[in-house]
Amino acid sequence: MWIYEKKLEYPVKVYKADLRMAKYLMAQYGGPDSELSAAVRYLTQRYTMPTNKAKGLLTDIGTEELAHWEIVGTMIYRLMKGATPEQLRREDLGAYFAEHDRAVYPVDASGVPWTAAYIQATGDPVTDLHENMAAEQKARTTYEHLIRLTDDPGVKDTLRFLREREVVHFQRFGEALVDVQEELTRKKVF
């Protein structure tokens, strides 16, 4: 059970419409390394974690990833707000507009819809935690690329916040990995 507070985890400031940047940001909305993929991955994997600490961490980070998904969606919406169909077509968002208008829909930057095939849950907690650490690094790298693609100071600021959270999540998953390995060794699973 979650309690939803009607405000973003981090404020989103967009100083000008930028359809290209909106399209690029879709990588973090509906792509394989997106916030949605991370949230679903972690909230699925938590069931097979052998310690309450690891289960709690996956629940906490999975929930935070949903908050990040909301932040990315808000940026996309604001970057596209007010765009005409002609402007969308010129920025190669005509097909997107034809199917979704200006609604925020989980696709990647190339327009490929999100799929559960992007996530993994093996049932092996060590494997899954390594997968999660790699996922956080890929997301961090994507945010670094996105920061270089915009000149909007508000978008850059929000992207920097999201990038830093990926670093923290990577560190926390490393701590969980140690905890899980100690538990499995104690139970002589290794």
Within region 42-68, of all residues that are touching a Phe, Trp or Tyr at 6+ places or on another chain (Cβ under 8 Å) and surrounded by 22 or more Cβ atoms within 10 Å (Cβ to Cβ), the one nearest to TYR29 (Cα to Cα) is GLU65
Exception for ALA39 within (1) surrounded by fewer than 22 Cβ atoms within 10 Å (Cβ to Cβ); (2) more than 11 Å from the chain's Cα centre (by Cα) falls at (2)
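For region 3-36: of the residues being assigned to a helix (DSSP H, G or I) and within 30 Å of GLN181 (Cα to Cα), which is least open to solvent (accessible area, probe 1.4 Å)?
Our first condition is that a residue be assigned to a helix (DSSP H, G or I); within region 3-36, this holds for 19-25, 27-30, 35-36.
Applying the additional criterion that residues be within 30 Å of GLN181 (Cα to Cα) yields 35-36.
Working: GLU35: 2, LEU36: 21 Å².
My answer is GLU35.
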Picked from region 149-190 (must be under 18 Å from THR63 (Cα atoms) and open to solvent by 60 Å² or more (accessible area, probe 1.4 Å)), the residue nearest to the chain's Cα centre (by Cα) is ARG165
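Residues checked against (1) touching a helix residue (DSSP H, G or I) at 6+ places or on another chain (Cβ under 6 Å); (2) touching a residue at least 12 places away in the same chain (Cβ under 8 Å):
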{"residue": "TYR29", "(1), (2)": "yes, yes"}
{"residue": "GLU35", "(1), (2)": "yes, yes"}
{"residue": "VAL40", "(1), (2)": "no, yes"}
{"residue": "GLY56", "(1), (2)": "no, no"}
{"residue": "TRP69", "(1), (2)": "yes, yes"}
{"residue": "ASP92", "(1), (2)": "no, yes"}
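Somewhere in region 138-148, is a residue over 17 Å from the mean Cα position of the chain (by Cα) and hydrophobic (A, V, I, L, M, F, W, C)? Don't jump to the end; show me each part of the working.
Going residue by residue through region 138-148, those that are over 17 Å from the mean Cα position of the chain (by Cα) are 148.
Within this subset, residues satisfying the condition of being hydrophobic (A, V, I, L, M, F, W, C) are none.
Checking region 138-148: not a single residue is over 17 Å from the mean Cα position of the chain (by Cα) and hydrophobic (A, V, I, L, M, F, W, C).
The values are calculated or read from the model by the stated rules, or taken from the named source; none is laboratory data. Note that the structure is a prediction, hence the values are computed from the model and not measured. Here the Cβ is made from the backbone with ideal geometry for all residues, glycine too, and neighbour counts use every protein chain on show. Keep in mind that these areas ignore ligands, DNA and RNA; they rest on the heavy atoms of the full protein, side chains included. Shrake-Rupley method; radii C 1.70, N 1.55, O 1.52, S 1.80 Å.
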